[in-house]
Amino acid sequence: MKKILCFLFSLFIIVSCEKRKQESIELEQDIEISNDSLKEVEITTLDTIKSKIPKQLLSSIEKDYKDKQYIIIDFYLGLIDNNETEDAVVIIQEKDKSSEISESILVYQNISNSYVLMAHNRSLITEEYYFSSDEPTNGSKEIEIKDHYIKIRMFCYGPCGNTFLDFKFENDDILLINFSTYDIGAGSQIEQEYDVENDIVKIITTNTMTDDMEVTEEEFAFNYSKGKSIRFIDLNTKDLFKALINLESKNIL
């Protein structure tokens, strides 16, 4: 009888151990098959803020900027296209071999839990908005993804003023839909808005030299010489700004 009981007890221990072993294996498998794109790593951006960035997004950036000297200025996650995976907009500051600085905006599309570079532009952020530890800070930038729109805001504490750009995702491309500026000069404040889809420019001027702060609002038809469909990858902010200044000079002065 004792031998039977000992046998049954030993069998119970073996079965229990096997069960725990199987549960451990299943747990390890769960960890292995977890979605790697959801894993995050901590980075420090140029303004010394610590942020957590998706591991796969960081890997894609490192791959695209291999053997280059660069810093991640900022990034933002959100829905750009029409699927339910978070895409990303990233600002990169790069130094070339001559130590010249440039800043780029990159758009990454999340496809099958992998970040793929969809668009890249080095001409959106002009020199006035660069800042680094080697130069005085005179500008700042904000990026956001809201309601499938990419919003870029550039603020300057000097004469370059503020610039705002809105882009949308359409037919597998990213297009400019709105461009506006805000400048404070000697005796006036000037707001300028270019509605790309409707080919209209609105200019609002506030006369700060008078007590009543008189406001003048005018609208003009405008067709950008480089076409109505202004692609993210093709846009040069300075060229567009010059074209709008010429329009203002022709119609107002």
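The values are calculated or read from the model by the stated rules, or taken from the named source; none is laboratory data. What you see is a predicted model, and the numbers here were worked out from it, not measured in a lab. Please note: Cβ atoms are built from the backbone with ideal geometry, for glycine as well, and neighbour counts cover all protein chains shown. The area values use the complete protein model at the heavy-atom level, side chains included, leaving out ligands, DNA and RNA. Shrake-Rupley method; radii C 1.70, N 1.55, O 1.52, S 1.80 Å.
A few points about this structure:
- Taking the 1.4 Å solvent-accessible surface of the range 39-198 as the whole, the part contributed by carbon and sulfur is 44%.
- Ligands, DNA and RNA are left out, and with a 1.4 angstrom probe the accessible area of the range 109-228 is 55 Å² per residue.
- Karplus-derived 3J(HN,Hα), 6.51/-1.76/1.60, for each residue of the range 236-241, Hz, glycine and proline x: 10, 4, 5, 4, 5, 4
- In this structure, the pairs whose alpha-carbon distance is over 25 Å, taken from Lys50/Lys97; Lys66/Lys97; Lys141/Lys238; Lys50/Lys95, are Lys50/Lys97.
- Space enclosed by the convex hull of the alpha-carbon atoms of the range 177-232, per residue, Å³: 81
- Long-range amide H partners of Val196 with built H, under 5 Å: Asn178, Phe179
- Charged neighbours of Gln189, selected by a Cβ distance under 12 Å, balance to -3 (K, R count +1; D, E count -1).
- Peptides 213-222, 170-179 ranked from most to least packed give 170-179, 213-222, packing being the mean of other C-beta atoms within 10 angstrom over each peptide's residues.
- Taking the convex hull of Cα positions in the range 167-209, its mean projected area over all directions (nm²): 3.3
- Residue ranking by accessible heavy-atom surface, 1.4 Å probe, largest first, among Ser60, Ser225, Ser99 comes out as Ser225, Ser99, Ser60.
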